[in-house]
Every structure is written in structure tokens, then in C-alpha cells.
1. Under 28 Å from the Cα of A:K167, which lysines turn up, not counting those fewer than eight places away in the same chain?
2. Return the long-range amide H neighbours of A:D109 (sequence gap of 5 or more, or a different chain), with a cut-off of under 5 Å between placed amide H atoms.
3. Pop a pseudo-label 7 angstrom from the Cα along the beta-carbon direction at both A:V88 and B:A132 and give the gap in nm to one decimal.
4. With angles folded into 0 to 90 degrees, how steeply does helix B:22-33 sit against the dominant principal axis of chain B? Use alpha carbons for both and round to 10.
5. Per DSSP helix of 4 or more residues, -39500 (n - 2.57); summed, then divided by the residues of chain A. What does that give at 222 nm, rounded to the nearest 500?
6. Report the calculated FRET efficiency for A:T144 and B:E53 (r = Cβ-Cβ distance, R0 = 56 Å), to the nearest 0.05.
7. How high is the relative contact order of chain B, in percent, counting Cα pairs under 8 Å that sit 6 or more residues apart?
8. Each residue of the range B:57-68 in turn: what ³J(HN,Hα) in whole Hz from Karplus with 6.51, -1.76, 1.60 and θ = phi - 60°, glycine and Pro shown as x?
Amino acid sequence: MSDETTDGPSGPVTTLATPIRLDFDFTPGVAQSRFLRGLEQGKFMGQRCSVCGKVYVPSRGSCPTDGVPTTEDVELANKGTITTYCVVNVPFAGQSIEIPYICAQVLLDGANLSFMGLIQEIPTDEIRMGMRVEAVWVEPDQLTPSLASVRYFRPNGEPDADYDTYKEYL
Amino acid sequence: MPESEALHASHHLEYPYSRSVGPVIGAFLTGLRDGKLFGVRSPGGSVIVPPTEYDPTTGEDTGEMVEVGPGGAVESWAWVSDPRPKHPLSRPFAWALIRLDGADTALLHVVDSGGPDALATGDRVTVRFRPAAERIGAMADIESFVPEAATGGSAR
């Protein structure tokens, strides 16, 4: 059930392990399942609102502005723009990436919603808003319906995007 | 895409907390590990089981540890006919408030009586510890309480 710490095999008990555990079955729903199945095929799938025309990735299945179901599937580019970022220098429990590393909001070309991605193959002091990046995927036989299929994003060499092109997504 | 094609995945979330137990609960847990039951004497003279660091009525510091049990009486109980995965026993059992001999308060634990017909308020029960090698200083060191009749009479 739990393991306790004592001051030796016969010493007084000083500590009690009290783990809290929750087991649950998660379903992301139909719309996000589409996004995840797209990842399994090595592509980013979003959905467009029929009223305002905005493209959401990942889509929640409806437009938060217009309140209508989003039914049109849109495949997005493999590249996009860093809108904002954070350089992580602080170690924490469960950390799986060597610090320092860059966590950025990436606005894929054709999308109207950014999402978080890991940025690699660039020194942390060279990261900047507007930088153009591309997704680097795992090997085809390693693709799964999970964001783990995207290893990271890296600079793709294109000139930085104009601030006006992403300012409304900050 | 049909709705049935929504993905599913098993997740688990766990926080591996551990806590310092302090001198009084620590002494109680040490007793469990050693196969003994302890309460603590309050300033008013009553014996509180499981022990607390402070008198629940006056807030004063409690005093010496007092060995209690191993027998006691069932004060109230609820039958669990369909145990859940994390329950202490996989077979039907009772959660019971047990006033141990020498104690003035009741301890919540398990009574393994076989069936609800074999248990009544006021019945005598006695502790059944796990084997010494399995005891770690936790409530689960007590496997259950069992009716004294099943042990061939009073364990006192």
C-alpha cells in the first residue's frame, strides 16, 4: 500500500507515505481526435468556422466566437511563426528535457490559433518573436495520435514574419 | 467521422506525498509495526485512540502513551457487500467503530465477520495484525478485526 520510513528496522516511525492516485479514462472528443489522428499521419489538422472563417488547431469542434459547430476540416502547413516564447532555466520534478530549452507559441500558417511547442536547433539567446519555424516529426513508424509525434520545431531559415501578421495572436 | 471514432486513453495522475507523522501518531504507528495498539492519555484522564497530540475538547497537550486492546467492542458498523478495488479486503466486510479495551474513544477499522448476519453492535472483536515481516508502520498493519467467537474466545 505504502512504504514507511523509520529510523532503522526497529526505530520509531517518523514518516508516512500517502500517495494520492487517480486512474481515469480520457477521451479528447471527436474534434480533437481528428487533430490527434492527423498527427498520427504526420500532419496538422484544424477546422474552419463557417461564420467567421477562422481556423482552429486543435479544434474543439465549435467556434468560441460564433457558437456554431466547425465542420470543415483544414490541413495546415508544416511551418509557422513564433508569436511568443519562454526560455526554461528552472529544473523541476519530472522534467524530461535538458535545460535550458525554449517553449514557444507557434502559429501555423493558415491557422488562427497558436499552440505550444518545443523549439530546438537554435541557441536559446537567438530565439525571437516572429521567427519562422518548421515541425520536425518522429520517424514514420513512430507516429502516434499524440503530440509526441512532433519532436520539436526548428528555425526553417525564412525571414522573420512581420509583427502585424501575428500581433493579434499574442 | 462517426462519434465512436473519438479516441480514448488510460491516464493516471499520482502525487507521491509523504508526511512527517510527529511524536504521538509516530508512536502509534511504531506500535502497529510492533504488533501493539496504543492510545494517549488526555489531561482529563481519558484514553484517546487513535492518539492525538492535543485534547480534542480543551486543546491541552496529551500525555503518556497507553497500550489498549487487543480486544474491543463494536460501537457501530456499516456492511460493504461489494468491495471496491482499493478497499482493504477483497471480500465483503464491515467498516466499524471499535472501542478498544482501555480506550474511551472508538477507532475506525475493518471487521471481517464473513457476513452481516454474523455481526451486531456491541459484539466483541479482536485485532488481527499482518505478519511482522509485512508490517511497515501504517493503519494497514492491522489486517482487520475479527469476532472474538471466531478466535475461540476473548484474546484478553
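1. List returned: A:K43, A:K54, A:K79.
2. A:A77, A:K79, A:G80, A:T81
3. That separation, rounded to one decimal, is 4.9 nm.
4. For B:22-33 against chain B, the angle is about 80 degrees.
5. The helix contribution divided over chain A gives -2500 deg cm²/dmol.
6. 0.65
7. 20 percent
8. For the range B:57-68, the Karplus-derived couplings read 8, 9, x, 6, 4, 7, x, 6, 7, 10, 6, 10 Hz, x marking Gly and Pro.
Read-outs throughout are calculated quantities, based only on the coordinates presented, and are distinct from any laboratory measurement. Note that the coordinates shown come from a computational prediction; the quantities given were computed from them, not determined experimentally. Every residue, glycine as well, gets a Cβ built from its backbone with ideal geometry; the counts of neighbours run over all protein chains shown.
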